[in-house]
């Protein structure tokens with residue numbers, strides 16, 4: 001592939017990618033490496049595309065994530081895993097998903113001294129700083145970038161090969177940034193001290209302090225600072241919408257005029273409630289030992305013999321999952337009313353971007369990086385069953401959608417992780433052996449019929465085939481019902497969903513700020529500061 005890439009032989013590269021996508025591997029490690037190679041191929045093809053909204057831009061992210069999802073990913077060398085993280089971060093950066101990119105750079109740097117990850121993380125931090133509406137927060141992102149880029153430029157000859165060194169030396173704006181900080185570092189630090197010295201919202205009780213610390217450590221506050229620190233200074237959900245400017249309309253009252261900020265506050269509150277409900281569940285006494293809640297007393301249930309869990313903490317996590325998933329559609333409606341108020345179409349987070357299955361022209365013409373980020377994030381949230389599997393740029397999207405669908409409309413059973421894995425493997429092995437035995441018997445009976453037998457025996461053989469086929473049909477009729485998921489996977493998937501919702505809320509805040517700054521101030525406008533509600 002390297003020769004094809006260096007020779008810019010794009011048609012040959014497409015052919016090679018098709019070949020690799022159809023290649024089958026028994027080894028999970030080999031699949032992880034193959035997905036990385038495919039992702040790298042799509043990254044090269046994406047570089048020559050005219051639009052960041054192009055369908056093909058997402059394919060590199062899709063395959064880098066598929067590589068990470070493989071169990072064999074952990075068997076790859078530290079160097080290779082670091083490259084997967086770095087390349088995924090670069091791809092997310094190109095999609096405007098700057099916060100997610102920074103997180104992937106951190107993962108790359110944590111396992112291998114990858115100089116490219118250092119440089120690109122510094123670049124991403126400065127890009128975030130330039131787009132934040134809170135200029136004090138922006139300085140802290142610059143402070144975070146400074147030591148990283150200083151290290152890169154001071155040690156560049158030791159860190160990079162000749163080709164990469166040339167690119168680093170051409171990055172003069174970043175070198176100038178380092179030089180500026182070198183000159184003014186003392187005064188900057190005096191005005192913007194270290195985060196640990198900044199007073200934060202630590203909480204009024206020990207319970208609240210523990211909850212806030214958990215949120216900080218898991219990067220769950222709707223606060224851009226939580227991307228770069230777990231200090232109490234970031235322990236508030238501060239990101240919101242700008243003060244609103246409204247043209248005079250005698251038909252719209254003050255309360256109605258606050259629809260945008262009010263809708264955003266509703267979503268923030270729903271996210272915060274889902275976050276705490278999840279926390280309360282995983283930290284409750286019910287999650288750590290088998291204790292019955294009095295609400296379940298005298299509730300007579302059948303044991304399904306699969307270690308199914310009927311517990312209060314599990315139901316709380318289900319509630320959290322539902323609340324989080326519904327935030328996406330609420331964000332979509334909010335964006336739709338803000339960007340395209342004249343339409344009355346049914347809106348989902350996944351379809352707000354399209355007109356007749358093509359990305360709307362106003363998005364294609366937009367220079368708003370956070371609308372682009374929201375678009376690509378929407379491609380990882382399956383909320384429209386009509387869309388084909390290839391539409392989603394994260395193979396985990398189908399799993400999230402399946403959980404949501406079965407929670408709302410079908411059978412959904414949560415089982416004990418360790419015990420279920422042991423017994424299910426044994427049961428599945430027995431079932432597969434019996435299934436193969438029945439198929440062999442059906443095949444043998446069909447061959448007997450074709451070979452010619454007396455009519456009396458034909459009837460008996462056909463009845464045997466029919467009986468065996470009914471066993472297979474009975475098994476197939478239960479396929480996917482119920483959806484069985486372990487308690488560990490439910491917790492992991494809910495936390496993953498929570499992170500995506502948080503990013504969607506933050507990107508929405510920054511996208512609307514970006515749009516508001518572009519508005520024309522001509523005409524009669526009454527300034528109106530949005531009133532704040534505080535518990």
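The values are calculated or read from the model by the stated rules, or taken from the named source; none is laboratory data. Model, not experiment: these values are computed from the prediction. Here the Cβ positions follow ideal geometry from the backbone for every residue, glycine too, while neighbour counts run over all protein chains shown.
Can you work out which of the residues in the range 49-63 that are part of a loop (DSSP other than H, G, I, E, B) and in contact with a helix residue (DSSP H, G or I) (Cβ under 7 Å, 6 or more places away or on another chain) is surrounded by the most Cβ atoms within 10 Å (Cβ to Cβ)?
Out of the qualifying residues, it is 53.
Within the range 353-380, which residues are assigned to a loop (DSSP other than H, G, I, E, B) and at pLDDT 85 or above? Within the range 353-380, 353, 360, 365, 366, 367, 368, 379, 380 qualify.
Per this entry, residue 182 is counted among residues that are over 23 Å from residue 101 (Cβ atoms), assigned by TED's automatic domain parsing to the domain that holds residue 123 and surrounded by fewer than 18 Cβ atoms within 10 Å (Cβ to Cβ). Looking for something farther than 17 Å from residue 272 by Cβ and at pLDDT below 90 - is there at least one such residue anywhere in the range 233-243? Yes: one or more hits.
Only residues that are assigned to a helix (DSSP H, G or I) and exposed (fewer than 13 other Cβ atoms within 10 Å of the Cβ): list them for the range 190-209, please. Before the answer, list the steps.
First, pick out the residues of the range 190-209 that are assigned to a helix (DSSP H, G or I): 190-191, 195-197, 206-209.
Answer for the range 190-209, where residues must be assigned to a helix (DSSP H, G or I) and exposed (fewer than 13 other Cβ atoms within 10 Å of the Cβ): 190, 191, 196, 197, 206, 207.
Only one of the listed residues (119, 141) is more than 18 Å from residue 184 (Cα to Cα) and in a helix (DSSP H, G or I). That residue is 119.
For the range 212-241, a residue qualifies if it is surrounded by 19 or more Cβ atoms within 10 Å (Cβ to Cβ), over 16 Å from residue 99 (Cα atoms) and in contact (Cβ under 8 Å) with a residue 40 or more places away in the chain, and the qualifying residues are 215, 241. Under the condition of being more than 16 Å from residue 45 (Cα to Cα) and in contact (Cβ under 8 Å) with a residue 24 or more places away in the chain, the residues counted in the range 94-106 number 7.
Of all residue pairs spaced 6 or more apart or on separate chains, those with beta-carbon atoms under 6 Å, a first member in the range 123-139 that is assigned by TED's automatic domain parsing to the domain that holds residue 97 and a second member that is outside any helix (DSSP H, G or I) are 138/132; 139/192. Scanning the range 96-113 for residues being crowded, with 22+ Cβ neighbours inside 10 Å and outside any helix (DSSP H, G or I) gives a total of 2. Inside the range 64-95, can you point out the residues that are more than 16 Å from the chain's Cα centre (by Cα) and in a loop (DSSP other than H, G, I, E, B)? 70, 76, 77, listed by residue number.
Quick one: is residue 497 more than 30 Å from residue 363 (Cβ to Cβ) and either outside the structural domain of residue 97 (by TED's automatic domain parsing) or at pLDDT 90 or above (or both)?
Working: more than 30 Å from residue 363 (Cβ to Cβ): no; either outside the structural domain of residue 97 (by TED's automatic domain parsing) or at pLDDT 90 or above (or both): yes.
Answer is no for this residue.
Go through the range 150-165 and count every residue that is surrounded by fewer than 16 Cβ atoms within 10 Å (Cβ to Cβ) and either closer than 20 Å to residue 139 by Cα or within 34 Å of the chain's Cα centre (by Cα) (or both). Give the steps one after another, and end with the answer.
Pass one, the range 150-165, residues surrounded by fewer than 16 Cβ atoms within 10 Å (Cβ to Cβ): 154-155, 157-158, 161-165.
Right, trim to either closer than 20 Å to residue 139 by Cα or within 34 Å of the chain's Cα centre (by Cα) (or both) and you get 161, 163-165.
Selection size over the range 150-165: 4.
Considered as a group, the residues in the range 470-480 that are at pLDDT 75 or above and either in contact with a helix residue (DSSP H, G or I) (Cβ under 7 Å, 6 or more places away or on another chain) or part of a loop (DSSP other than H, G, I, E, B) (or both) include one that is farthest from residue 439 (Cα to Cα), and that residue is 471. Can you confirm whether the range 101-111 contains a residue that is more than 28 Å from residue 132 (Cα to Cα) and out of contact with any strand residue (DSSP E or B) (no Cβ under 7 Å at 6 or more places or on another chain)? Looking for residues that are more than 28 Å from residue 132 (Cα to Cα) and out of contact with any strand residue (DSSP E or B) (no Cβ under 7 Å at 6 or more places or on another chain), one finds at least one in the range 101-111, hence yes.
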